[in-house]
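The values are calculated or read from the model by the stated rules, or taken from the named source; none is laboratory data. For clarity, every value in this text was computed on a predicted model and none was experimentally measured. Using ideal geometry, Cβ is built from the backbone for each residue, glycine included, and neighbour counts are taken over all protein chains shown. Calculation scope for accessible area: heavy atoms of the full protein, side chains included, ligands and nucleic acids excluded. Shrake-Rupley method; radii C 1.70, N 1.55, O 1.52, S 1.80 Å.
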Amino acid sequence: MAWNVVIVGGGFGGFSAARELERRIGRRGRDAIKLTLVSEQNFLLYTPLLPEAAAGTLEPRHVVTPLRETLRHTNLQLGSLTGIDSERSVVSIRNPEGDPQELRFDRLVLAPGSVSRTLPVPGLAEHGVAFKSLADAIWLRNHVIRSLELAETVSDRQRLDELLSFVFVGGGYAGLEALAELQDFATDALSMYPAARAHGMRWMLVEAGARVLSEIDERLAAYAVGELVKRGIDVRLNTTLAAIGSDFAELSTGERIDTRTVVWTAGVTPNPVVRELGLPLDERGRIVVDERMQVAGDERVWALGDAAAVPNPTDEGRPSPPTAQHAIRQGRTAGGNVAASLGHGRARVFAYRSRGSFVNLGRYQAVAMIGGRVKLRGALAWWLARTYHMSQIPGLRRKVRAVVDWTVSLPFSRDIAEVGSIGHPRRLDASLPATEHDPRAV
Ligand SMILES: Cc1cc2nc3c(=O)[nH]c(=O)nc-3n(C[C@H](O)[C@H](O)[C@H](O)COP(=O)(O)OP(=O)(O)OC[C@H]3O[C@@H](n4cnc5c(N)ncnc54)[C@H](O)[C@@H]3O)c2cc1C
């Protein structure tokens, strides 16, 4: 009888674990070990390039990799994990139709990621938007273009302020890069919007802490902020969002900004499903694991990525930050450790020291730090970031498509077609009078 290895989550952590398991088990082990990946989507979203998809430098479909295309020896099962029954060794999942199912496991890897962290800010749920998924990126791009279009149709100064002010709350990777890419895109597009150009745009980053990008080196973060300020972006540190309405945002300083766009990127919190699993959690709600990513009390279960507190010995044992860089390496180590528990290779502890960090700030613009020292900016940093992402995007087809997008975009300005109707087909209107059927019509 085959061993059942179930991996939950088709993001960076789960995907890397599955890939490493396939590699370790090899052809000889395939009959003895059955790999199943449970995920809500059939693709891996390459989040570091999501801001470029929002800005139209990359085709949205080119920042995802279909899981079936790359994981050739893993059964992909679309669905959501809902619970674990350790005694019966089964996980409960809900399939895309909403029906409950059970899967038997002998080994279980949990990597369900995180969700946007919200705070009790009045109006946030009604008027704030997130930036975490492909749908968010596409929506935001269309919204920015629509705001520029609407600005051409009004003359009232307050309405122009509302339409042309964009507030991003939270200075992590997601917020800072999304703001930088979209501001760069909108600035390029302004040449085609005379009224918006005459009125001017306002882009603002609001961060509660004393610095941005807490995931990376402080010097690089400060360098990135310097670049944004030079571009006219208003960066407010030690400031929070106090309230938000359909046409305003109010800051903790009492300032009121006329805006119809507040993007909420103030950090992440572990996927709420981890609270339903009966596993030990830390004070931030992350699954507690040891340095081999095993969950205390059940040696058949591993957890990693944004949903787990994985200690990193190269950072004095502190839990790893929620980054793709860490999740990818954790996935590889956890995959190897699961394989080791089934007789394939040796188990290892997780340890990772980042050798370089990049922050993308728009077309041909980025800042980079390599080996903890060299700081680069501009086109060279942008090119290095491209090269790094090329090495990391899984699947040759996706690598080629991203390179083609970047190359094609070199001589052209970015596309400003607003295609928000994609995915929302118009309903047929039964109230319209029927036309007489013409038998000659084809
Ligand atoms: C816009 C943005 C930009 C970013 N930029 C960078 C960057 O430049 N560099 C960097 O290092 N990090 C970056 N990050 C952070 C990085 O994306 C995360 O740290 C990383 O994705 C975490 O990996 P993970 O495997 O834990 O979770 P994810 O990659 O989020 O994967 C979780 C997976 O689990 C699935 N899932 C969720 N719930 C269930 C369930 N109940 N059952 C089954 N499946 C489920 C999800 O659909 C998803 O496929 C960025 C994040 C965002 C949002």
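Looking at the stretch 124-266, send over the antiparallel percent of its DSSP beta bridges, to the nearest 5. The answer is about 30 percent antiparallel. Each 10 Å bin from zero holds the following percent of Cα-Cα pairs in the chain: 4, 19, 28, 24, 15, 6, 2, 0. Helix 173-189 axis versus longest C-alpha principal axis of the chain: approximately 30°, rounded to the nearest ten. The amide H of Leu44, built 1.01 Å from its N in the peptide plane, has Thr65, Leu67 as neighbours under 5 Å, considering only residues 5 or more places off or on other chains.
Of the whole protein surface, Trp302 contributes about 0 Å² of accessible area at a 1.4 Å probe radius.
When Asp136, Asp188 are compared by accessible area of protein heavy atoms, the largest-first order is Asp188, Asp136, using a 1.4 Å probe. If you wrap the tightest convex hull around every Cα atom of the stretch 1-128 and split its volume per residue, you get 148 Å³. Helix-only mean residue ellipticity at 222 nm, the chain, DSSP H runs n ≥ 4 weighted -39,500 (n - 2.57), per residue, nearest 500. What is it? Per the formula, -9500 deg cm²/dmol.
For the stretch 388-397, backbone phi angles converted through the Karplus equation (6.51, -1.76, 1.60; θ = phi - 60°) give residue-by-residue couplings of 4, 5, 4, 6, 9, 4, x, x, 4, 4 Hz, Gly and Pro being listed as x. In the chain, taking the dipole from charged Cβ atoms about the Cα centre, the farthest positive-side position among Ser391, Thr65, Gly123 is held by Ser391. Taking 14 Å as the straight-line reach from the Cα of Lys399, the aspartates and glutamates in range (excluding those fewer than 8 positions away in the same chain) are Glu59, Glu69. Relative to the longest principal axis of the Cα atoms of the chain, the long axis of helix 12-29 makes an angle of roughly 40 degrees. Extension gain, Val229 to Arg318, is 28.8 nm, computed as 0.36 nm per intervening residue step minus the present C-alpha separation. The distance separating the Cα centre of the stretch 115-129 from that of the stretch 53-94 comes to 26 Å. Near Gly83, once Lys and Arg are set to +1 and Asp and Glu to -1 for all other residues with Cβ below 13 Å from its Cβ, the sum equals -1. Within the shell defined by Cβ-Cβ distances under 11 Å, the residues around Ile33 carry a net charge of +2, with Lys and Arg each +1 and Asp and Glu each -1. Once the 1.4 Å probe is applied to the protein heavy atoms, the chain comes out at 49 Å² accessible per residue.
Considering only beta bridges that DSSP places wholly inside the chain, some 55 percent are antiparallel.
Heavy-atom accessible area, probed at 1.4 angstrom with all protein chains present, ranks Leu428, Leu396, Leu44 as Leu428, Leu396, Leu44, highest first.
Could you tell me whether the stretch 346-394 comes out rounded, prolate or oblate from its Cα gyration tensor? Rule is a ≥ b ≥ c as square roots of the eigenvalues, rounded for a/c under 1.5, then prolate if a/b exceeds b/c, otherwise oblate. Oblate is the answer for the stretch 346-394, as a/c is 1.5 or above yet b/c matches or exceeds a/b.
In order along the stretch 99-109, phi translates into HN-Hα couplings of 7, x, 9, 10, 10, 7, 9, 9, 9, 9, 10 Hz, rounded to whole numbers, per the Karplus curve 6.51 cos²θ - 1.76 cosθ + 1.60 with θ = phi - 60° and x for Gly and Pro.
Computed from backbone phi with θ = phi - 60° and the Karplus coefficients 6.51, -1.76 and 1.60, the 3J(HN,Hα) list for the stretch 330-336 is 5, x, 4, 5, 5, x, x Hz; x is used for glycine and proline. Could you calculate the FRET efficiency of Ser413 with Asn42 from 1/(1 + (r/R0)^6), where r is the beta carbon distance between them and R0 is 35 Å, rounded to 0.05? It comes to 0.55.
Accessible surface for Tyr46 stands near 10 Å², nearest 10, in the context of the full protein assembly shown (1.4 Å probe). Placing pseudo-labels 7 Å out from each Cα toward the beta carbon at Ser214 and Leu432 gives an inter-label distance of 5.4 nm.
Calculated from the alpha-carbon coordinates, the stretch 124-266 shows an Rg and a Dmax of 14.5, 45 Å respectively. With 0.36 nm allotted per residue and the present C-alpha distance subtracted, the His424-Met192 stretch has 80.8 nm of extension available. Amide H contacts of Gly83: Ser92, each under 5 Å away and 5 or more positions distant or on a separate chain (H built 1.01 Å from N in the peptide plane; Pro and chain starts excluded). Spread over its residues, the convex hull of the C-alpha atoms of the stretch 280-366 is 116 Å³ per residue. Got a sec? Which residues in the stretch 83-114 would a label at Met1 touch, if it sits 7 Å along Cα→Cβ and we count backbone N under 14 Å? Correct set: 88-90, 104-107. Other residues whose C-beta falls under 13 angstrom from the C-beta of Glu126 contribute a net charge of 0, scoring Lys and Arg +1 and Asp and Glu -1. A straight chain from Leu380 to Ala347 at 0.36 nm per residue would run longer than the Cα-Cα distance by 8.0 nm.
Of all accessible surface on the chain at a 1.4 Å probe, what whole percent is carbon and sulfur? Answer for the chain: carbon and sulfur cover 52 percent of the accessible area. Distant-in-sequence amide contacts of Leu361, defined by a placed amide H-H separation under 5 Å and a gap of 5 or more residues or a different chain, comprise Ala366, Val367.
For the pair the stretch 139-211 / the stretch 221-277, the C-alpha centres are spaced 14 Å from each other. The angle between the Cα long axis of helix 218-230 and the main principal axis of the chain comes to about 20°, on a 0 to 90 degree scale.
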